[in-house]
Amino acid sequence: MNPNFLQTPIPYLKGVGPNRAETLRTELGIETYRDLLHLFPNRYLDKTQYYKINQLQPSGADVQVVGKIIHIKTVEQKRGKRLVATFMDETGQMELVWFRGHKWIRENLKLNEPYVVFGRTARYGSTFSMPHPEMELLSEHQQGLKIAMQPIYPSTEKLSAKGITNRVISKMVQQLFLECKGQFPESLSLSIMDELRLVSKSDALFNIHFPKNQDLLAKAQFRLKFEELFFVQLQLISKKILRKQKIKGLKFDEVGTNFNSFFNEHLPFDLTNAQKRVIKEIRKDMGSNAQMNRLLQGDVGSGKTIVALMCMLLAIDNGFQGCLMAPTEILAQQHYNGLKELLGKMDMKIALLTGSTKKSERTLLHNQLENGNLNILVGTHAVLEDKVQFKNLGLAIIDEQHRFGVAQRSKLWHKNDVPPHILVMTATPIPRTLAMSLYGDLDISVIDELPPGRKPIKTVHRFDNNRLKVFQFIKDEIKKGRQIYIVYPLIKESEALDYKDLMDGYESIVRDFPMPDYQISIVHGKMKPADKDYEMERFVKGETQIMVATTVIEVGVNVPNASVMIIESAERFGLSQLHQLRGRVGRGAEQSFCILMTGSKLSEDAKTRLQTMVRTNDGFEIAEVDLKLRGPGDLMGTQQSGMLNLKIADIVKDNQILKSARFYALQLFKDDPRLEKEENKSILLAYSKIMQQSNIWNYIS
Ligand code: ADP
Ligand code: MG
């Protein structure tokens, strides 16, 4: 085969003129032979098998069943009539249904004769029904030869309108196979194919389009999924290796006075083993010659802040500055306060920079940063502005990664001549499989242990009509000296309405919890930063007992005395958000509660989310459910990754294949890092093709 065969523009294919080519391009993005070859069928009609009625599944697949019609009746309904035939085999009965063409069907159908019926089944109650089946007498059916499964390709209205039907696409693919005699260059090594018993590339491509049976189809799918994930992993791993080789990092080999004096004299509690382990991992990274790019995962409340601080002290001990970025002003403020408190009397210059920092302060701050008088800068996105220049930034920490994008990460790279070490902290646990795909280029550390003495939060679901009881519960908790959060949803699309809900809610709470017995704070995004801070401060100091808020308090806010989190309209929140919100309580020694309030109408997904929250406190488990419900594309931050444009593999369902793909990719790099060996030639060729098309390197250079 000509090596550039697959690059051939699609109009060259026999049967595809300029008109069809244009439609293929606009509707399916198909421009070359390669694109057409990789247009995989969505599903297959399986005429190779016969199902018994008791084997039918409510899956909506198209199947064929052999049986007899024992009864036909016409059913009157509001809009027209429906013809219903009772169809039976030795295992049970089902219904065949027609909404049109009754007369012809009634006259031609034979009772009590064996038929093969073919179509999509649906279940109503306990009975399966097949609307408008293809019908064939068994005697005639047996004469025809129907051995293959029929591929069904993705389609659009416009494609059908222009006559590019499923059959036409299938013909085009056949033509492509004819032109190259069905031979495609292999892209995996023999050893991998042997070990995993993979079918060849040519076989896989043939059987994904024209499978003879389920088994061959499954083998083709497995091979192509593996290959797809394997090359994604190769890209991620090589990106990481290249970064480590090419980009010289700052070497922090001193564990100096600041780190030691903090550890020995200022540590307010013993570190958990997980915290110790993670600090060690980070120290090792920053002490090598490579530039660190590490993701630190830890559930809410697992104690990431102190890890961040100790790592910044390491940077400072080596003559560098540190910076910590948070996604909101409240959080940045709280980090700033928290770090100052932790540092106590240590001689450390630390400052806060946010959008609302005054201009005069800002100028001063810029100067201090540039001449190195400032050790630690805490801030929001404001830190990323070009005007903010460091004397020597050694470590940049980003809290709550999902609010920041890759582009922002890369901005930090340029804050120093030699790129600083980067630590990304996230409290939204990402399932390991997804982390591998999204952040396969980062190293990952996990704090998988909560500080001792925490009582697991009790979570319940209550309907709105139980509100009085919930309010009584709040009163009891306040009597015990506790504080309460009440959170309202705030979603861009319905912002005006949401604000109204929030204010209505606030007013009703003020009525039910009157002054002077009760003091109430309110915080939302439309308030001036200074007012927000003031209200927040009052709650932190315990001057108010109830905090009514939107999700601005979602991340990070730390008030150990708050023991109840009430989430209004909880059905409108995503799982990870619910988990984040719940993490605001359970930070002190007292038993904490999370109450999920909802209306009575709930979707299935909403029920699953609520049940999951009630069942478990484990962020990783919650993330897995979230991933299953929403798919990886919807998880926060995944849009930026660009690594999820998978054609055939599914990160959730093909989790095992992903693991094996990663394993083999790692092994390949260990064994033959430059892909020089003859046996890996096919991988090298395929890989270079992919790299030509990919822009994955952009943010490194
Ligand atoms: P997160 O990981 O959510 O950012 P924080 O760093 O805010 O968690 O820590 C949550 C709370 O736990 C803070 O009050 C902090 O002081 C406390 N904490 C952190 N580590 C420990 C520990 N090893 N022992 C006891 N308390 C700890
Ligand atoms: Mg935090």
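The values are calculated or read from the model by the stated rules, or taken from the named source; none is laboratory data. The structure displayed is predicted, hence computed values, not measured ones. In this analysis, Cβ positions are derived from the backbone assuming ideal geometry, glycine residues included, and neighbour counts consider all displayed protein chains. What goes into the accessible areas is simple: the full protein's heavy atoms, side chains included, and nothing from ligands, DNA or RNA. Shrake-Rupley method; radii C 1.70, N 1.55, O 1.52, S 1.80 Å.
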What is the residue count in segment 93-103 for residues that are open to solvent by 40 Å² or more (accessible area, probe 1.4 Å) and not in a helix (DSSP H, G or I)?
5
Given the condition assigned to a loop (DSSP other than H, G, I, E, B) and either away from ligand 1 (no atom under 16 Å from the Cβ) or at pLDDT 90 or above (or both), answer yes or no: does some residue in segment 361-370 qualify?
no
Counted residues, segment 263-280 - those being part of a helix (DSSP H, G or I) and open to solvent by less than 60 Å² (accessible area, probe 1.4 Å):
5
For segment 49-59, indicate whether the set of residues that are closer than 21 Å to Y153 by Cβ and out of contact with any strand residue (DSSP E or B) (no Cβ under 7 Å at 6 or more places or on another chain) is non-empty.
yes
Would you pick out the residues in segment 307-331 that are part of a helix (DSSP H, G or I), of a type in the set (A, V, I, L, M, F, W, C) and either away from ligand 1 (no atom under 14 Å from the Cβ) or modelled with pLDDT under 95 (or both)?
L313, L314, A315, I316, I330, L331
Options R79, R106; residue that is at pLDDT below 85, surrounded by 11 or more Cβ atoms within 10 Å (Cβ to Cβ) and not assigned by TED's automatic domain parsing to the domain that holds K647
R106
Sole residue being within 20 Å of R197 (Cβ to Cβ) and either at pLDDT 85 or above or surrounded by 13 or more Cβ atoms within 10 Å (Cβ to Cβ) (or both), chosen from L668, L646
L668
Which one of these is of a type in the set (D, E) and surrounded by 12 or more Cβ atoms within 10 Å (Cβ to Cβ): E134, E140?
E134
Test: R674 is modelled with pLDDT of 85 or more and either surrounded by fewer than 17 Cβ atoms within 10 Å (Cβ to Cβ) or in a loop (DSSP other than H, G, I, E, B) (or both)
yes
Could you list all residues from segment 545-564 that are closer than 23 Å to A326 by Cβ, away from ligand 2 (no atom under 16 Å from the Cβ) and open to solvent by less than 50 Å² (accessible area, probe 1.4 Å)?
M547, V548, A549, T550
What single numbered condition from (1) in contact with an Asp or Glu (Cβ under 9 Å, 6 or more places away or on another chain); (2) closer than 21 Å to H461 by Cβ fails to hold for Y518?
(2)
If only one of N260, N289 is free of Cβ contacts under 8 Å to residues at least 24 places away in the same chain and open to solvent by 20 Å² or more (accessible area, probe 1.4 Å), which one is it?
N260
Please count how many residues of segment 304-319 are surrounded by fewer than 24 Cβ atoms within 10 Å (Cβ to Cβ) and more than 12 Å from ligand 2 (Cβ to nearest atom).
5
The one condition in (1) at pLDDT below 95; (2) open to solvent by less than 10 Å² (accessible area, probe 1.4 Å); (3) within 8 Å of ligand 1 (Cβ to nearest atom) that G301 fails to fulfil:
(2)
Would you mind finding the one in R582, R615 that is in contact (Cβ under 8 Å) with a residue 60 or more places away in the chain and either more than 30 Å from E341 (Cβ to Cβ) or open to solvent by less than 60 Å² (accessible area, probe 1.4 Å) (or both)?
R582
Taking the residues in segment 154-174 that are part of a loop (DSSP other than H, G, I, E, B) and of a type in the set (G, A, S) as candidates, determine which candidate is surrounded by the most Cβ atoms within 10 Å (Cβ to Cβ).
S155
Which members of segment 524-564 meet the condition of being modelled with pLDDT under 90 and aliphatic (A, V, I, L, M)?
M527, A530, M536, V540, V552, I553, V555, V557, V559
